[in-house]
């Protein structure tokens, strides 16, 4: 028993990390908190102590809020700015984002909700962005959509390419939220204009003028991580759109080809 207790209380291995990399710090923070929660549960149940389940649940809730806040604050650290080429270069890309072209349009799915949160558009003073003064939300989304599109084109044969030869003259965009009821805020807390701008800049459709583009926002209640999808659907003209969202989206993800963007090192 004593030997088992000594093994259980053995300190975790020391992990080195780059103190300037907030993404890595958050990853290690998440792993450490997870190990701590497991240790607390094991200790309280093993020793017959009073259950601390409610306290652990509260810790997890605060942990999630801290992670979300830090991710929003370090939004600009997802990329770097190259002075010589005047380009934004992605350094980190959320691993679950998918770029799915079909004959009806393009879907960018599983985008973390914090990427359109209100704090992610805050302009920080130069002292916090000395090596990346141009990293703002618009160039970030232009770089991200461009990277996903380029990764897709590299992954498929020319004859299997589902992207149109020229941008569609008319389009409809659906912003599809997947969150719990208390995980989503009023729409004034979110900003979708940079995503629209990035889609136009990367040739997914021709113009964001109101005569050529229409928008819809829908919400589904889920219990998993809060996320959202962007559906771009090509339409023939600016005529009134049907209210049947299933027909509007026209999704058949099992038959469509998928592309997952990977950062090339």
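The values are calculated or read from the model by the stated rules, or taken from the named source; none is laboratory data. Keep in mind the model is a prediction, meaning the values are calculated, not measured. Cβ atoms come from the backbone with ideal geometry, glycine included; neighbour counts cover every protein chain shown.
In table form, for the structure just shown:
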quantity: Some residue of region 131-152 being more than 15 Å from residue 78 (Cα to Cα) and at pLDDT below 90; calculated: no
quantity: Test for residue 167: is it modelled with pLDDT of 85 or more, touching a strand residue (DSSP E or B) at 6+ places or on another chain (Cβ under 9 Å) and surrounded by fewer than 18 Cβ atoms within 10 Å (Cβ to Cβ); calculated: yes
quantity: Single condition residue 180 does not satisfy, out of (1) over 19 Å from residue 105 (Cβ atoms); (2) modelled with pLDDT under 80; (3) in the same structural domain as residue 147 (by TED's automatic domain parsing); calculated: (2)
quantity: Among residues of region 89-105, those that are within 17 Å of the chain's Cα centre (by Cα) and assigned to a loop (DSSP other than H, G, I, E, B), counted; calculated: 7
quantity: Count of residues meeting criterion [part of a loop (DSSP other than H, G, I, E, B) and more than 24 Å from residue 112 (Cβ to Cβ)] in region 144-190; calculated: 10
quantity: Test: residue in region 205-213 that is out of contact with any helix residue (DSSP H, G or I) (no Cβ under 9 Å at 6 or more places or on another chain), without any contact (Cβ under 8 Å) to a residue 24 or more places away in the chain and either crowded, with 17+ Cβ neighbours inside 10 Å or more than 17 Å from residue 236 (Cα to Cα) (or both); calculated: no
